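**Student:** Input: one structure, supplied below.
What follows draws every value from the coordinates through simple rules; no lab data is involved. Fair warning: this is a prediction, and the values are worked out from it, not measured in the lab. With ideal geometry, Cβ positions are generated from the backbone for all residues, glycine too; neighbour counts draw on all protein chains shown.
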Amino acid sequence: MHEKSLGDLVSIKKLLWNIFMGEAYKEENTMDLMIIGNGGREHALAWKLAQSDKVNKIYCAPGNGGTAIENKCVNVDLNTIEEMKDFALENKVDLTIVGPEVYLVQGVVDLFKKNNLKIFGPAQAGAELEGSKSFAKDFMKKYNVKTADYQVFNNLEDSIEHLKKCDFPIVIKADGLAAGKGVYISPTYEEAEKALRECMEEDVFKGAGKTVVIEEFLEGVEASILTITDGKTIVPFLSSKDHKKIYEGETGPNTGGMGVIAPNPYYTDEVKKEFEERIMAPTLEGIQKEGFDFKGIIFFGIMVNKKGVYLLEYNCRMGDPETQCILPLLKTDLLEIIELALEEKLEGADIQWEDKHSCCVTLASLGYPGTFEKGFEITGYDKVNGKYFGAAVTLKDGKVYTNGGRVLNVVNVGENLEAARAATYEDVNKVDFKNKYYRKDIGNVQN
Ligand code: AMP
Ligand code: GLY
């Protein structure tokens, strides 16, 4: 009763403020945030940040049908970095957090900073670690970061000549951003030549494959290690394991991610030590020596095999769906962690994680990552015991519809991996839409 009357008083105060001051009421020392992006990752970030007492409101730019109904969130239809900057200035946004790499590579951080707006993420020069595979590989080589052997080519004839001397399988990577589709694992010479022609002659990646990296194939198990840096210190988050292929048993084409478990069972203390010494530390040194303005996330995609730990790639943002899987295990206030990074105070930061396990499954539209139908009503998402995060979903007249390939994520936390898996799959069965597809073996650790 007492709580309710206090709540009523606060509501009346807010209402009067809105009427007399002509602007929305905001509790003292609270912040209005903007999250850029429209996927499941952004819904998870919004959900977690909304839990902070310091957060008043979150603008999701443009957000999705999941963020549209999330606590403290409001979707704003902004699509270019200029529109986002103008909105942030007009609405006095206190801090912006960037989800997808594409805006980082376009220089959203540089643009916001020029306009004295606070933003979390690397400036354009550092974002090239994700924006260009050849730039990233040259950086790794320069700073002695352990990675697969490689060569870079700008012309088809030279790349084909090189191919004739290679062992197979071989890995071919389009240099630029290709929405996760620019990596070919080619088992034979013929397939590798076809991949090179697709990139360089047929230009299927619209410019992003004009330069290619040809790289030694590494066998092993993968891990996703997200870290946060303020440019002086780098702190790893909890490890996780993505399941990138569309079909069970890690077969079929690559996707954006069909499910994740955390922590990663293959990320042993020994692997951690080697990763931190041979990959993470030299990366920070490189960032400092290159003079990058880098206050943001570095996501290391690593391969672990008998010869040790290798870096496959850098991403300069949170992973999707790694974020949806690990944030439910984060005990520390995410906003406080981000603020420490922005103030260059990460040294000694104590980031606390639940001593539990998390399992996240992606529900997709049948046919993804190829062609699929969309526009189907989603039911049961509000009945899950764990948490759902909307990805390709739209909200219309109070109903939620499918709007793309990776539709939504379902996540549960458990005392052990089996408990987390069982709870997530129970929830997966509650959510329904036409042409629902998902992998049944997420967290089956052989995969
Ligand atoms: P990347 O975008 O570089 O992480 O590549 C996407 C996926 O391709 C990785 O998650 C791996 O599954 C695979 N991959 C990339 N590079 C290699 C490599 N050198 N050897 C084996 N698999 C690789
Ligand atoms: N799940 C992999 C990525 O976010 O790139």
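**Student:** Among residues belonging to the range 386-443 that are touching a residue at least 40 places away in the same chain (Cβ under 8 Å), part of a loop (DSSP other than H, G, I, E, B) and small (Gly, Ala, Ser), point out the one that is farthest from residue 376 (Cα to Cα).
**Tutor:** Looking at the filtered set, the residue picked out is 443.
**Student:** Every residue in the range 269-308 that is of a type outside the set (Asp, Glu), touching a Gly at 6+ places or on another chain (Cβ under 9 Å) and away from ligand 2 (no atom under 16 Å from the Cβ), please.
**Tutor:** Of everything in the range 269-308, those that are of a type outside the set (Asp, Glu), touching a Gly at 6+ places or on another chain (Cβ under 9 Å) and away from ligand 2 (no atom under 16 Å from the Cβ) turn out to be 271, 278, 284, 287, 288, 292, 294, 295, 304, 305, 306, 307.
**Student:** Filter the range 309-346 down to the residues that are in contact with a Gly (Cβ under 6 Å, 6 or more places away or on another chain) and farther than 24 Å from residue 141 by Cα and list them by number.
**Tutor:** Correct list: 320, 321, 324.
**Student:** Looking for something within 27 Å of residue 103 (Cβ to Cβ) and within 10 Å of ligand 1 (Cβ to nearest atom) - is there at least one such residue anywhere in the range 189-199?
**Tutor:** No; the residues of the range 189-199 include none that is within 27 Å of residue 103 (Cβ to Cβ) and within 10 Å of ligand 1 (Cβ to nearest atom).
**Student:** Same structure, new question: Taking residue 374 as meeting all but one of (1) under 18 Å from the mean Cα position of the chain (by Cα); (2) in a loop (DSSP other than H, G, I, E, B); (3) not small (Gly, Ala, Ser), write down the number of the exception.
**Tutor:** (1)
**Student:** Restricting to the range 52-84, give me the number of residues that are out of contact with any Lys or Arg (no Cβ under 9 Å at 6 or more places or on another chain), under 26 Å from residue 340 (Cα atoms) and surrounded by fewer than 24 Cβ atoms within 10 Å (Cβ to Cβ).
**Tutor:** Matching residues across the range 52-84 total 6.
**Student:** Also, I was wondering about something else. Go over the candidates 309, 361, 260 one by one and state the one that is crowded, with 21+ Cβ neighbours inside 10 Å, in a strand (DSSP E or B), under 21 Å from the mean Cα position of the chain (by Cα) and within 16 Å of ligand 1 (Cβ to nearest atom).
**Tutor:** The unique qualifying residue is 260.
**Student:** Quick one: would you say residue 125 is surrounded by fewer than 19 Cβ atoms within 10 Å (Cβ to Cβ), of a type in the set (A, V, I, L, M, F, W, C) and part of a helix (DSSP H, G or I)?
**Tutor:** Considered against the rule, which asks whether it is surrounded by fewer than 19 Cβ atoms within 10 Å (Cβ to Cβ), of a type in the set (A, V, I, L, M, F, W, C) and part of a helix (DSSP H, G or I), residue 125 comes out as yes.
**Student:** If you check 164, 245, 210, which single one turns out to be more than 12 Å from ligand 1 (Cβ to nearest atom) and without any contact (Cβ under 8 Å) to a residue 40 or more places away in the chain? Full working, then the answer.
**Tutor:** Details: 245 fails: more than 12 Å from ligand 1 (Cβ to nearest atom); 210 fails: without any contact (Cβ under 8 Å) to a residue 40 or more places away in the chain.
Testing whether each residue is more than 12 Å from ligand 1 (Cβ to nearest atom) and without any contact (Cβ under 8 Å) to a residue 40 or more places away in the chain leaves just 164.
**Student:** Here's a follow-up. Give the range 388-416 a look and list any residue that's surrounded by fewer than 24 Cβ atoms within 10 Å (Cβ to Cβ) and touching a helix residue (DSSP H, G or I) at 6+ places or on another chain (Cβ under 6 Å), or say none.
**Tutor:** 395, 413, 414
**Student:** Residues being more than 28 Å from residue 199 (Cα to Cα), more than 13 Å from ligand 2 (Cβ to nearest atom) and of a type in the set (Ser, Thr, Tyr): count how many of those fall in the range 210-259.
**Tutor:** Total meeting the criteria: 4.
**Student:** Here's a follow-up. Filter the range 186-212 down to the residues that are buried (at least 16 other Cβ atoms within 10 Å of the Cβ) and β-branched (Val, Ile, Thr) and list them by number.
**Tutor:** 204, 211, 212
**Student:** Six or more apart or on different chains, Cβ under 8 Å: which pairs go from a residue in the range 314-331 that's touching a residue at least 60 places away in the same chain (Cβ under 8 Å) to one that's within 16 Å of ligand 1 (Cβ to nearest atom) and among the polar types (S, T, N, Q)? Could you list them?
**Tutor:** 314/283; 319/224; 319/240; 321/362; 322/224; 322/240; 325/240; 326/240
**Student:** Also: Tell me which of these residue 167 doesn't satisfy, since it passes every other one: (1) assigned to a helix (DSSP H, G or I); (2) farther than 25 Å from residue 342 by Cβ.
**Tutor:** Condition not satisfied by residue 167: (1).
**Student:** Moving to a separate point now. Looking only at residues that are more than 16 Å from ligand 2 (Cβ to nearest atom) and not in a helix (DSSP H, G or I) in the range 128-148, which one is surrounded by the fewest Cβ atoms within 10 Å (Cβ to Cβ)?
**Tutor:** If we take residues in the range 128-148 being more than 16 Å from ligand 2 (Cβ to nearest atom) and not in a helix (DSSP H, G or I), then 144 is surrounded by the fewest Cβ atoms within 10 Å (Cβ to Cβ).
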